[in-house]
Structure formats: C-alpha cells, structure tokens
Amino acid sequence: MIISGKDLSARLKAEMATRVAAYEKKYGRAPQLTVVLVGEDPGSVSYVTGKAKACEAVGIRNTTIRRPESISEEELLSIIGELNADDAVDGILVQLPLPRHIDENKVIAAIRKEKDVDGFHPLNVAALWMKQPCSLPCTPKGIIKLLKAAGVEIAGKRAVVVGRSNIVGLPVGKLLMDENATVTVAHSRTKDLAAVTRGAEILVVAIGRPKFVTADMVTNGTVVIDVGVNRNPETGKLCGDVDYAAVEPKASVITPVPGGVGPMTITCLMENTIECYLRTMEAR
Ligand code: NDP
C-alpha cells in the first residue's frame, strides 16, 4: 500500500478551509501567517511558495517578508520583535537555513513561543518532551497523521528512526514513543545499521542521502516512511532516502517522494497556524 500524503493533505486542507471560514465569521478575521525569507536559495524559495499556496487553499492570510542575504542579525531580530508585538499576526515562520553570519538558535528563540508555528522554539521543544500542549514540529506531526490515516497500529511496534536531527529524527522518535512504540534512533555512528533497520516494523528514514536504504535493509511487511528530499544524482529528479523501486515490493506500507511526507509537513504548518490563532482568539 502506498500512502499518498498528497491525497491526505488535500482532504485535511479542505476540512481546514471549512473551519477557517467559520472562524472568520465568528472572530472577525482569518488567521495570519507571516513568513520571513532571507536570501534567494532556490530550495527555500520553493518551500515558501508551497506554504503560500497552501495558505490560500485553506483561507489563511499570508505575508512573506523578503530580505537579502546581507541582512544583519540585529535587523532580522528587530523584524521578529515587530511581528511578535503585532496582534494581527498569529504565526511567524523564519525559513531555514539562514546565512552563516546569523545565529539560527538566537533567531528561533526570539520568536514568541505562542507564534512559533514550526515548533522549534526551545520552550516548545521542552513542552513536547514534557507532554505539555505546544506547537508540534510539522514533519513529525505529519508522519504520525500519515501512519494513523493508513490504519497502521503503532502501539507495541518496534519503530526505528534513522536520523537524529532536532527537526525530524528526535521529535518523530518522541511522538512514536508517545504512541507507545518501542523506539530505536539510529544515526551515522550506528554500527551495522542494516541489522538495526531489519528489526523495524515501522521504519522512518530522515538522513538526506539519496536511495540510501536498500532492499536488504528492510524486512518483508515493514511500514516505511521516507522523509528524505534529495536530487537523484543520475536523473536530477527528486528522490527520497529510500530506494523506492527496490523497497516498495517488500514494504506493507510506503510513502513516495515526492507526494508523501512533504505535503503533510505543509498541511501541519497550516494546522499549527490555526491552533495558534485559536488560542489567541479564545483567550480574548
Ligand atoms: P540533518 O542533516 O539535520 O540530519 C541528518 C541525520 O541523518 C543526522 O542525524 C545524521 O547522523 C544522520 N545520517 C546521515 N548520514 C547517515 C548515514 N549514512 N547513516 C545513518 N545516519 C545518517 O537532516 P534533516 O533531519 O534536517 O533532514 C533529513 C532529510 O529529510 C533531508 O533529505 C531533508 O531534506 C528531508 N526533510 C524533509 C522534510 C519534508 O517535509 N519532507 C522536512 C525536513 C527534512 P549524525 O547525527 O550522526 O550526523
């Protein structure tokens, strides 16, 4: 079974659009997401364009503040300060990566945690690990939604996450644990990675290496979630971290790239923006 993140996203966005229209009537304005884009990295520009399109589909107002790569850290922090203070802005997203002269951690920490739609603020990260209400990071949240929509039973399963980044590997491991999976997190220093991945009933791969996971690394019947977004060095086309053609026949469930996890990340960003907006509106 191939899980289409694209189809699930389309369904979820349609549901959100109906809800947002009702909220707008009730609260007098639509949610607002403001994206800050520094520089013109083609990957970042394309992600920001995708986010703007999703906002339009859902009825979230969105603004992109574009600044050149030469912007100073101080100027960027001052933009964030203004957005933090602006009651009409519900969600703030600074597109990463930032140029080297800017301290990413400092910028993320400067965003008010109530407006941190990415779930990257240290207090939101802490809340995730302490099981308190917070903005969950979008990609891990989207992965859990995909698994549930595919009817995958997570509780009691052996889940292996390959990759331990702050934005994908670690939080998806935590969310799988919260769903009562028994989780192993593997990384570049893991010995005999293939033996570890073969032990997985649910395998999540987030490493950024094209077609790294081959058929011999997967046991028959495994649920395979491919987070990677890479350029295939031979064809130049997008591909995942999993050798899809070789692994798909062995997997019970698998996500394609593109059209798997990627659309769900953006859909969860929409959901997080609506949640931030609702928390503000309901507190009034
Ligand atoms: P990072 O580069 O931050 O982390 C990569 C992780 O993979 C590290 O923990 C690293 O281990 C591990 N790793 C690298 N090489 C190997 C290897 N040979 N064997 C085992 N582990 C390895 O990447 P991200 O987590 O940010 O992203 C991972 C991938 O997911 C990328 O392709 C990215 O584009 C994609 N992505 C997709 C999203 C989507 O919405 N679809 C969203 C975010 C990311 P170590 O810690 O030891 O260095």
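Residues of segment 129-159 that are touching a strand residue (DSSP E or B) at 6+ places or on another chain (Cβ under 8 Å) and on the phi > 0 side of the Ramachandran plot: GLY156 alone.
Taking each residue of segment 14-34 that is under 16 Å from LEU269 (Cβ atoms) and at pLDDT 95 or above and looking for partners that are among the acidic types (Asp, Glu) and surrounded by 18 or more Cβ atoms within 10 Å (Cβ to Cβ) with beta-carbon atoms closer than 8 Å, six or more apart or interchain, yields MET16/GLU271; PRO31/ASP90; GLN32/ASP90; LEU33/ASP90. Kindly provide the set of residues from segment 191-218 that are free of Cβ contacts under 8 Å to residues at least 12 places away in the same chain and either among the charged types (D, E, K, R) or within 11 Å of the ligand (Cβ to nearest atom) (or both), ordered by number. Of everything in segment 191-218, those that are free of Cβ contacts under 8 Å to residues at least 12 places away in the same chain and either among the charged types (D, E, K, R) or within 11 Å of the ligand (Cβ to nearest atom) (or both) turn out to be LYS191, ASP192. Filtering segment 140-170 to residues that are in a helix (DSSP H, G or I) and either without any contact (Cβ under 8 Å) to a residue 12 or more places away in the chain or more than 10 Å from the ligand (Cβ to nearest atom) (or both) leaves LYS141, ILE144, LYS145, LEU146, LEU147, LYS148, ALA149.
Considering only segment 246-255, I want to know if a residue exists there that is open to solvent by 40 Å² or more (accessible area, probe 1.4 Å), within 19 Å of the chain's Cα centre (by Cα), under 24 Å from LEU93 (Cβ atoms) and modelled with pLDDT of 95 or more. Scanning segment 246-255 turns up no residue that is open to solvent by 40 Å² or more (accessible area, probe 1.4 Å), within 19 Å of the chain's Cα centre (by Cα), under 24 Å from LEU93 (Cβ atoms) and modelled with pLDDT of 95 or more. Taking segment 1-119 and the helices (runs of 4 or more DSSP H) fully enclosed by it, the elements with 2 or more residues that are in contact with a Lys or Arg (Cβ under 9 Å, 6 or more places away or on another chain) are at 5-27, 42-58, 73-85. May I ask you to say which residue of ASP226, ASP178 is near the ligand (Cβ under 9 Å from one of its atoms) and either under 21 Å from MET264 (Cβ atoms) or polar (S, T, N, Q) (or both)? Within the list ASP226, ASP178, the selection yields ASP226.
The values are calculated or read from the model by the stated rules, or taken from the named source; none is laboratory data. Given the structure is predicted, the values throughout are model-derived calculations rather than measurements. As a convention, Cβ positions derive from the backbone with ideal geometry for all residues, glycine included, and neighbour counts pool all protein chains shown. Each accessible area value is taken on the protein alone, full model and side chains, heavy atoms only, with ligands, DNA and RNA left out. Shrake-Rupley method; radii C 1.70, N 1.55, O 1.52, S 1.80 Å.
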